[in-house]
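Structure, as C-alpha cells:
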Amino acid sequence: GCHCLGDGGEDQEDGGSLFSSAYITPVGPFSPFRSSACEYESDLGQGMNELTATSPEFALEMQRMQLDMQMGQEPDLKRMTKLADDLENSYQKWEGLMAKLRLSNDFQSREYYKFTNSHMQQSGKTIEDMSSIVKYQVDCMRAFVDQRLPPPPPPGLDLTPPKEGAGGIGSAMSSARVEAEPFEPSVFKSETVRTEYEALCRDHRQLIKMGEMYGSFDPLGKLAFLDQLESIEERWDVFFGRLGLTGELNPEYKEQSEEFLNSMGLGASQFRKLLRSAHNAMRRDAEEERQYNP
C-alpha cells in the first residue's frame, strides 16, 4: 500500500525530488543513523529527553496562573517562586545543551543546533531571543513576588510567544525516537534492490561516523562532507520514489516518523525545508571560515 506521511501534492521549493514531500526519508539529525554524540542514551540524548519532558508542565502551570489572575484571583506566591526557579533552571540547562551542540566536533550535533535555530526562525525568533524572553518572564515573576515594579522589556524584542509548533523549547526538541529502519530487507523480492538498500544504509552510517570529526575538517572538507550528505539524501529520495508506492515501508518506521513530525508540529515537506535551511547555514559557515583562513 501507499504509506504517505505528508501531503505529496504540494509544490517543491526545497530542491528535493517529488517524493521528498510525500515521505519523510531517514535523513537529518533525527534519522535512525546516529553519531555516538547524538545516541539516545548519550548525555545529549538524556538531556534532551529531560527537557522535553518538563516543557509541557511549565506551559500548563503558566496558563493556570494567567487564568487565576484573569479571574481576579491572587496567584500563590510560593507557586510562582517555584515556577520562576524551575523555569530558570530548565532554561540554563537548555542553553548549556544548545552551546554543546553548537560547539561540538560532531556534524549531527551541529546539524541539530542549526535545525533548531531554523525551526525557531519560522516564528521570527532566534535561540538567543527565546533565552531573553524566558529571562524576562522569570524577572517579572520575581518582581511580582517581591512586590516590585516589573523590569522594562528588553529593547527591540517581540515578546509574543511562538505559534504552536513553530519552535518553542518543547517543539524545537523532540523526544520522539526514530530508531527503526525504513524498510525490512525481507520485503525486497529483488536481490539487486536488497543489495542497493543495504549499501545505502551502510554508506549513510559510515558518513555519520566520519562526521564525528566534522569540526576538525578544513572549510573545503566541510563543504565536501555536505555534498556527500546531500548525495545520500538524493539516493534516499530516489529509493523511496521507486519503492515507496509499491514496496512496504516498515510500519514501525512509519509510526515513529509520524509521531516525530507531530511532536514538532511539522509536515514532511516543512521538515525537509528546515533541513535544507540548516545545511545552507552550515555551508555559509564553511564559506565564511574559508574567507578568513584561505
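Among the numbered conditions (1) in contact (Cβ under 8 Å) with a residue 24 or more places away in the chain; (2) among the small types (G, A, S); (3) under 30 Å from H204 (Cα atoms), the only one that S131 does not meet is (3). Exactly one residue out of A224, A278 is modelled with pLDDT of 85 or more, part of a helix (DSSP H, G or I), out of contact with any His (no Cβ under 6 Å at 6 or more places or on another chain) and crowded, with 19+ Cβ neighbours inside 10 Å: that is A278. A268 meets the stated requirement of being touching a Leu at 6+ places or on another chain (Cβ under 7 Å) and surrounded by 20 or more Cβ atoms within 10 Å (Cβ to Cβ). Checking each residue in the stretch 221-235 for being closer than 13 Å to D285 by Cβ and among the hydrophobic types (A, V, I, L, M, F, W, C) picks out L223, F225, L226.
Just one of (1) of a type in the set (S, T, N, Q); (2) modelled with pLDDT under 85; (3) open to solvent by 70 Å² or more (accessible area, probe 1.4 Å); (4) more than 13 Å from the chain's Cα centre (by Cα) fails for Q92. It is (2).
Just one of the numbered conditions (1) more than 22 Å from S118 (Cα to Cα); (2) in a helix (DSSP H, G or I); (3) open to solvent by less than 60 Å² (accessible area, probe 1.4 Å) is not true of L249: (2). Selection of helices (runs of 4 or more DSSP H) fully inside the stretch 98-209 by the criterion of at least 2 residues being modelled with pLDDT of 90 or more, surrounded by fewer than 19 Cβ atoms within 10 Å (Cβ to Cβ) and at negative phi returns 127-145. Please tell me if S263 is in contact with a Leu (Cβ under 6 Å, 6 or more places away or on another chain), closer than 15 Å to F30 by Cβ and at pLDDT below 90. No, not satisfied.
So which residues in the stretch 215-238 are closer than 16 Å to L275 by Cβ and not acidic (D, E)?
Taking the stretch 215-238 and keeping what is closer than 16 Å to L275 by Cβ, we get 225-237.
Answer for the stretch 215-238, where residues must be closer than 16 Å to L275 by Cβ and not acidic (D, E): F225, L226, Q228, L229, S231, I232, R235, W236.
Whether a residue is open to solvent by 70 Å² or more (accessible area, probe 1.4 Å) and within 21 Å of F188 (Cα to Cα) was assessed, and R235 passes this test.
Which of (1) in contact with a Phe, Trp or Tyr (Cβ under 7 Å, 6 or more places away or on another chain); (2) open to solvent by 20 Å² or more (accessible area, probe 1.4 Å); (3) among the hydroxyl-bearing types (S, T, Y) is the odd one out, the single condition Y214 does not satisfy? If we test Y214 against (1) in contact with a Phe, Trp or Tyr (Cβ under 7 Å, 6 or more places away or on another chain); (2) open to solvent by 20 Å² or more (accessible area, probe 1.4 Å); (3) among the hydroxyl-bearing types (S, T, Y), just (2) comes out false. If only residues of the stretch 98-110 that are more than 13 Å from the chain's Cα centre (by Cα) and of a type in the set (A, V, I, L, M, F, W, C) are counted, the one that is nearest to R34 (Cα to Cα) is F107.
The values are calculated or read from the model by the stated rules, or taken from the named source; none is laboratory data. The structure presented is a predicted model; accordingly, all values stated were derived computationally and were not measured. Every residue, glycine among them, receives a Cβ derived from its backbone with ideal geometry; neighbour counts consider all protein chains shown. Accessible surface areas use protein heavy atoms only, side chains included; no ligands, DNA or RNA. Shrake-Rupley method; radii C 1.70, N 1.55, O 1.52, S 1.80 Å.
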